[in-house]
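Asks: One structure, pasted below without further comment.
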Protein chains: 2
Amino acid sequence: PFLHWIASVFFLCCHLCFFDSGTPGKILVWPVDFSHWIGLKVILNQLQLHGHEITILIPSPSYLFDHTKIPFNVEILQLPVTKETIMEELDTFLHMVSFELPKLSWWDRQAKLREMSHSFLRMGKRVCNGAITNKELLSRLQAAKFDICVADPLSFCGELLAELLNIPLIYSFRFSYGNVIERLYSTTFVQTGELYYSKILGKRNLKTTTLCEIMGKAKMWLIRTYWDFEFPHPYLPNFEFVGGLHCKPAKPLPKELEEFVQSSGKDGVVVFTLGSLIKNLTEEKANIIASALAQIPQKVLWKYTGKKPDTLGPNTQLYEWIPQNDLLGHPKTKAFITHCGTNGIYEAIYHGIPMVGIPIFGDQPGNIARIKAKGAAVEVDLHTMTSSNLLNALKEVINNPSYKENAMKLSRIHHDQPIKPLDRAVFWIEYVMRHQGAKHLRPASHDLTWFQYHSLDVIGFLLACVATTIFLVTKCLFCCWKFGKTGKKNKRE
Amino acid sequence: PFLHWIASVFFLCCHLCFFDSGTPGKILVWPVDFSHWIGLKVILNQLQLHGHEITILIPSPSYLFDHTKIPFNVEILQLPVTKETIMEELDTFLHMVSFELPKLSWWDRQAKLREMSHSFLRMGKRVCNGAITNKELLSRLQAAKFDICVADPLSFCGELLAELLNIPLIYSFRFSYGNVIERLYSTTFVQTGELYYSKILGKRNLKTTTLCEIMGKAKMWLIRTYWDFEFPHPYLPNFEFVGGLHCKPAKPLPKELEEFVQSSGKDGVVVFTLGSLIKNLTEEKANIIASALAQIPQKVLWKYTGKKPDTLGPNTQLYEWIPQNDLLGHPKTKAFITHCGTNGIYEAIYHGIPMVGIPIFGDQPGNIARIKAKGAAVEVDLHTMTSSNLLNALKEVINNPSYKENAMKLSRIHHDQPIKPLDRAVFWIEYVMRHQGAKHLRPASHDLTWFQYHSLDVIGFLLACVATTIFLVTKCLFCCWKFGKTGKKNKRE
């Protein structure tokens, strides 16, 4: 009824005033470059709109962070390397992880992973040192009296800074707690990281600090997934699932792009990108892909900066950059060929577009496994694929209506939330500030030792009780039996 | 900034239109009487405002359900007993659980609990039979094509009806899944319940139905707690914590009450009730309580229908009924003496009032333990208390400011939610309707057997592999050793 509607609007408006009424705070940010920065930036922009003062720590040579364009306070961490060195290290790392690693045997891969883990750690430590060893910067941060630290745990140090500055910590990440420590980082990584942390914090606490202990202090985890994408699993009250917070309705395309898209007629278009990190494929691989694309009736927009493949069909256009979200939201878009990064997958979910996944590294194989299981994608292996593999995958997701239906179902789930993911992320960050760390959401299990956590102390005590009882009973029975025998003997005598 | 505010209001209004745009559905309700009905009624009223058609199944003789006043479609379950018999059974049950049980020895108490569990089950079965054996009613319900069944699991049968009508089930309860089955119900109860269910469902499925299996089919659990009250613990995506959804701002008091409250001056008032189920105390107990109350400077409003205690002080007024929520929200109220029912505790949390808890049965001892741990209450034992116990408890919560501070802290946590609990409860009920059961929120663990759930199949397989390896290696070594020996022997020969 209309009256009820009016009342609800009124209520929500009042509620909203309350929403915005928090005192503006000071937020320290420990970001990670590349795709990780895309989502975090959206949250920070929103927090800034709410009046909060944001200070971001970024290394002097970086990739996506353009120091001059970031609209927040920027503290630059001076690193003893040039941008060229960093890009070279990164390229080596990416080439190894994307193309070399899959060719190695299981044993060699483990050894290589161990080596890469070390080099990853070295890069991380270099950045962390840029903050921790700069006494002048540290005392400036201390004096600024931040209310909170928002950190991306992929590059460690955020938790260390929060600890040193004694402020509540919030993580923003794709994975949740257990996964971060157990899956992403190898044991070597954790051990080396712990040595580093203990060296710095040991001076204050006089005991070894475990990574688990210090990461467990986080007051809130903003996880970049949701139940449209993730399988249902248990979680804790200080977890919020804010996957797809960077997604937004499509804007109109630039004239030239729109004309190309419209020229596809009834067949529509396919959008294809392997993300910002994988720039070039081998010439052979590019030709395999291009010849598959040439055989579909759809027009294809391919974000690709390498040499133009010889087999490129007239239906395919190469672009250095594409407005991915606007293209995925275009009514003519039939499918999305993706490297399965979480950001891209969420844009496809948001707009209900079925996918052909070509996962490369990191969370990408796991991401596409989820979307496949939900029936909205087909997977193709980058290393073994033939033209017909890719062609069949494309035909399947475009022509079999179940993929579109399932993609639309995921989209409906994504859009049917009482509060949008971005608003939730901002709410819970402000919440932790309002409630001085929101200790009431953090489970006490973090403060238990491993044997308490697994109830081994209780089980041990109970087992000891049982053992004692058995011992006493046996002893008694033995005594009775002996006494009986002696008695009989005495009687006989 | 103002512009941002306007934009946000606009966005939320749009969002709201979306909220209300769900198609009205048909909801079948399996309620439980007494305090359980208070919260459920609030949800159902709200659902009705949203245009949904609600049908509620209630037994012919009941306590709080006034058939003529319920504003929903009512289906009356004819039971073969009179209201008098039911009230007598209930009184015996309550007297036993409140006053007799605590006096028994541990062993006697277990035996008595077993007996009571059976009688509770008998009452439940009687109501359930009223629905299940009435073929005419069942086929009417089948024909009505309900979209969903909302059930209170304290009285079993809701899950059975949902199963028979093949519609999604939503539970509304104080406890979560595990607790329901393991703690509230004894093993005997579960076994008898399962026999009953298997008898009815076995005809369709030809196999035994476990209570765990059928309750595990619930699509959503609306749990009547929240992190203001509950300690943080893991939960699943199909759980919503909507504690305190019945709470609302205080209305002005009736003139006579307001005058009495105002007459308390600076000292303020104490509100005292033991809930709707405990009507009368022994004369001795009432005198102990009254003499304690007589010694405090506050005025006391006591909901009590028994004989007026001799020791009643001039500061204490007895009432047959009090507007509890309005009194707790009154600025003059200093403390709340409560039997620790979840509804009352939530009203005190909502208004930030410290408590003296006198828990009696059910969830009440657990409830007060939580509020005590959070520093907003003192507990007094009904069975062993003296006047000075109660007096000291009252002085402590009124004069030690930490209790008021902690109560206000809980209140701030309660009010600082992005969506009010009632709106969330309604949203998720409508959500399950919109998404035809919302299977994407229900973890797959429900479909595992107990040995799969505990990974015993995997562990067993791995152990078998290890055992086989050890066996083969030992065998090989033994053969080698034997062969070596024979070789040596042959050589020697």
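Asks: What is the sum of charges around B:Gln78, taking Lys and Arg as +1, Asp and Glu as -1, for the other residues whose C-beta is under 12 Å from the C-beta of B:Gln78?
Replies: Around B:Gln78, the charge tally is -1.
Asks: From Cα coordinates alone, what are the radius of gyration and Dmax values for chain A in angstrom?
Replies: 28.6, 119
Asks: Over all residues in B:42-52, what is the mean tally of Cβ atoms on other chains that come within 10 Å of each residue's Cβ? Let's see the in-between values first.
Replies: Values: counts 0, 0, 0, 0, 1, 0, 0, 5, 3, 2, 0.
Taking the mean over all residues of the peptide, I get 1.
Asks: Fewest Cβ neighbours within 10 Å first, please rank A:Phe451, B:Phe427, B:Phe173 accordingly.
Replies: Numbers: A:Phe451 12, B:Phe427 20, B:Phe173 23.
Final ranking by Cβ density, sparse to dense: A:Phe451, B:Phe427, B:Phe173.
Asks: So for A:His50, A:His351, fewest C-beta neighbours within 10 Å to most, what's the order? All intermediate terms of the calculation are to be shown ahead of the outcome.
Replies: On the way: A:His50 18, A:His351 23.
Sorted ascending by nearby Cβ count, the order is A:His50, A:His351.
Asks: Turning to a different aspect of this structure: Relative contact order for chain A using alpha-carbon pairs under 8 Å, separation at least 6, rounded to a whole percent?
Replies: On the way: 666 pairs, mean separation 62.7, N = 493.
This gives 13 percent for chain A.
Asks: Please arrange A:Trp450, A:Trp302 by counting, for each residue, the other beta carbons lying within 10 Å of its beta carbon, fewest first. If you can, show how the numbers build up before the last one.
Replies: Numbers: A:Trp450 8, A:Trp302 21.
Going from least to most buried by this count: A:Trp450, A:Trp302.
Asks: When each copy gets a label point 7 Å from Cα toward the beta-carbon at B:Trp321, what are the spacings between them in nm, shortest first?
Replies: 6.9
Asks: For A:Glu213 and B:Ser402, FRET efficiency with R0 = 22 Å and r from the beta-carbon atoms, rounded to 0.05? Could you put the intermediate results ahead of the total?
Replies: Numbers: r = 30 Å, r/R0 = 1.35.
It comes out at approximately 0.15.
Asks: Taking only complete DSSP H runs, can you tell me which helices of chain B stretch 20 Å or more along their own long axis by Cα positions and average at least 0.0 on the Kyte-Doolittle scale? Numbers along the way, then the final one.
Replies: Numbers: long enough: B:2-20 (27 Å, 1.67); B:35-49 (22 Å, 0.58); B:106-132 (38 Å, -0.67); B:187-205 (25 Å, -0.53); B:401-415 (21 Å, -1.21); B:456-492 (53 Å, 0.69).
Flagged H segments are B:2-20, B:35-49, B:456-492.
Asks: For the range B:64-143, what is the Kirkwood estimate of the hydrodynamic radius, computed as the reciprocal of the mean inverse distance between distinct Cα atoms, to one decimal in Å?
Replies: Numbers: mean 1/r = 0.0659 Å⁻¹.
Kirkwood radius, the range B:64-143: 15.2 Å.
Asks: While we're looking at this one, here's another question. Determine how many Å³ per residue the convex hull of the Cα atoms of the protein assembly as shown encloses.
Replies: Details: hull volume 298.8 nm³, N = 986.
It comes to 303 Å³ per residue, whole-number rounded.
Asks: Which Rg and Dmax, in Å, describe the Cα atoms of the range A:362-493?
Replies: Both quantities, over Cα of the range A:362-493: 33.5, 102 Å.
Asks: Working out 0.36 nm times the residue gap between B:Ser105 and B:Thr384, then minus their Cα-Cα distance, what length gain in nm do you get to one decimal? Display every interim value, and only then the final one.
Replies: Working: separation 279, 0.36 × 279 = 100.44 nm, distance 1.54 nm.
Contour length minus the Cα-Cα distance gives 98.9 nm.
Asks: Separate question: So for the range B:18-172, Kirkwood radius off the Cα pairs, Stokes-Einstein at 10 °C and 1.306 mPa s: how many µm² s⁻¹?
Replies: Numbers: Rh = 17.0 Å.
Estimated diffusion coefficient is 93 µm²/s.
Asks: Under the rule a/c < 1.5 gives rounded, and otherwise a/b versus b/c splits prolate from oblate, where does the range B:255-415 land using the Cα gyration tensor?
Replies: Details: a/c = 1.44, a/b = 1.16, b/c = 1.25.
Judged from the Cα gyration tensor, the range B:255-415 comes out rounded (a/c under 1.5).
Asks: Under a Cβ-Cβ cut-off of 11 Å, what is the net charge of the residues other than B:Thr305 that fall near it, where Lys and Arg count +1 and Asp and Glu count -1? Walk me through the numbers before you get to the answer.
Replies: On the way: positive: B:Lys279, B:Lys303, B:Lys307, B:Lys308; negative: B:Glu320.
Once all neighbours under 11 Å are counted, the net charge is +3.
Asks: Also: Express the relative contact order of the range A:289-366 as a whole percentage, based on alpha carbon pairs under 8 Å and six or more residues apart in sequence. List each step's numbers first, then the result.
Replies: Working: 98 pairs, mean separation 17.8, N = 78.
In percent, rounded to a whole number, it is 23.
Asks: Quantify how strongly other chains surround peptide B:349-362 by giving the mean number of their Cβ atoms within 10 Å of each of its Cβ atoms. Before the final figure, lay out each step's value.
Replies: Working: counts 0, 0, 0, 0, 0, 0, 0, 0, 0, 0, 0, 0, 0, 0.
For this peptide, the per-residue mean of nearby foreign Cβ atoms is 0.
Asks: Put a point 7 Å out from Cα along the line to Cβ at B:Cys476; what are the distances to that point in the other copies, in nm, shortest first?
Replies: Distances between equivalent label points, in nm: 5.3.
Asks: Label-point separation (nm) for B:Thr68 and B:Leu472, each offset 7 Å from Cα along Cα-to-Cβ?
Replies: Computed distance between label sites B:Thr68 and B:Leu472 equals 8.3 nm.
Asks: Averaged over its residues, how many other protein chain Cβ atoms are within 10 Å of peptide B:432-444's Cβ atoms?
Replies: Numbers: counts 0, 0, 3, 4, 0, 0, 3, 1, 11, 3, 2, 4, 3.
Per residue, the number of nearby Cβ atoms from other chains is 3 on average.
Any read-out appearing in this document is the output of simple, stated calculations on the displayed coordinates, not a laboratory observation. What you see is a predicted model, and the numbers here were worked out from it, not measured in a lab. Don't worry about glycine lacking a Cβ; one is built from the backbone with ideal geometry, like all the others, and counts go over all protein chains shown.
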